[in-house]
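No value in this document is a laboratory result; all are computed from the given coordinates. All figures in this text were calculated on a predicted structure; none of them were measured in a lab. Glycine gets a Cβ as well: all are built from the backbone with ideal geometry, and neighbour counts include every protein chain shown.
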């Protein structure tokens, strides 16, 4: 790990609504996530997990406090365009619902973000094919539409899309929520390989206690506060993960 944290939250609070009818989603949360850490975030619905992830991504802004990512960039000081560029180049997203374009092939879904960083379409498709192969998506599946793929294949495509611009931070929001347990474990193994082999920082929101064990560290949120912050003493789930090229 490097000395510079991948993510820093300093006394962050987030409320929605006006002063008379405000709803608090996070309250005075401070957090540092070292580079190359795999952090799991747990908590019941409404505890602030998604709000926390959205603040780290710059999709939302705090009511109070500071959010710093990418080696020192404070998100509240950036313009909307600058935050979008930061997300595009430095943050990869993996969602429960895959969020693939239904009329694009798997390869086209992965290549699409590269157009925004200046890659020509032919070069973007070559890069997309490389990342899809690394994620274990075979050549035949790359030319199919999302509806023609299994849930596990769709999630691998979604992970490939998140990685195609070579971000250093991956945010995963319930990445196994729509998958059966065996497929879900394979996807968790992929995320773990990205963390251990490539040194990517992974922040994963999950309701699943088993999935959370993949993290080196687990936060529990409840009633808009961090109520537990546990570093794993041992890592039984980190033995024998599925290789990325399979």
### Message
Run the numbers for residue 76 and residue 150: contour at 0.36 nm per residue of separation, minus the present Cα-Cα distance, in nm.
### Response
22.7 nm
## Note on the structure
For region 81-131 (alpha-carbon point model, no solvent) the Debye-based log₁₀ I(q)/I(0) at q = 0.16, 0.17, 0.24 Å⁻¹ works out to -0.51, -0.57, -1.04
### Task
Specify the angular offset, from 0 to 90 degrees and rounded to the nearest 10, of the alpha carbon long axis of helix 80-90 from the longest principal axis of the alpha carbons in the chain.
50 degrees
## Note on the structure
Rounded to 0.05, the calculated FRET efficiency for the beta carbons of residue 66 and residue 178 at R₀ = 35 Å is 0.55
## Note on the structure
Check: C-alpha center region 73-95 vs C-alpha center region 150-193, spacing in Å is 21 Å
### Summary
One point scatterer per Cα, no solvent, Debye formula: log10 I(q)/I(0) for the chain at q = 0.15, 0.16, 0.17 Å⁻¹ comes out as -1.06, -1.19, -1.32
### Query
If each of residue 117 and residue 16 carries a label point 7 Å out from its Cα toward its Cβ, how far apart are those two points in nm?
3.1 nm
### Summary
Asserting the computed 222 nm helical MRE of the chain (DSSP H runs at least 4 long, -39500 (n - 2.57) per run, divided by residue count, to nearest 500) equals -9500 deg cm²/dmol
### Query
Hey, if you drop one equal point scatterer on each alpha-carbon of region 95-235 and run the Debye formula without solvent, what base-10 log of I(q)/I(0) do you get at q = 0.11, 0.14 Å⁻¹?
-0.43, -0.67
### Query
Once you put a point 7 Å from the Cα of residue 23 and another 7 Å from the Cα of residue 222, both along the Cβ direction, what distance in nm separates them?
2.2 nm
### Message
How long are the semi-axes of the equivalent ellipsoid of region 170-220, defined as square roots of 5 times the Cα gyration tensor eigenvalues? Whole Å, largest first.
### Response
16, 13, 9
### Message
For a quick size check, give me the Cα extents of region 137-202 along its three principal axes, largest first, whole Å.
### Response
32, 26, 18
### Query
How many percent of the alpha carbon pairs in region 132-175 exceed a separation of 14 Å?
47 percent
### Task
Enter the angle in degrees (range 0 to 90, nearest 10) between the Cα long axis of helix 121-134 and the first principal axis of the Cα atoms of the chain, meaning the one along which they spread out most.
80 degrees
#### Entry: Helix 151-163 axis, angle to the chain major axis (alpha carbon atoms, nearest 10°)
70 degrees
### Query
Tell me, 214, 16 in order of fewest to most beta-carbon neighbours within 10 Å?
16, 214
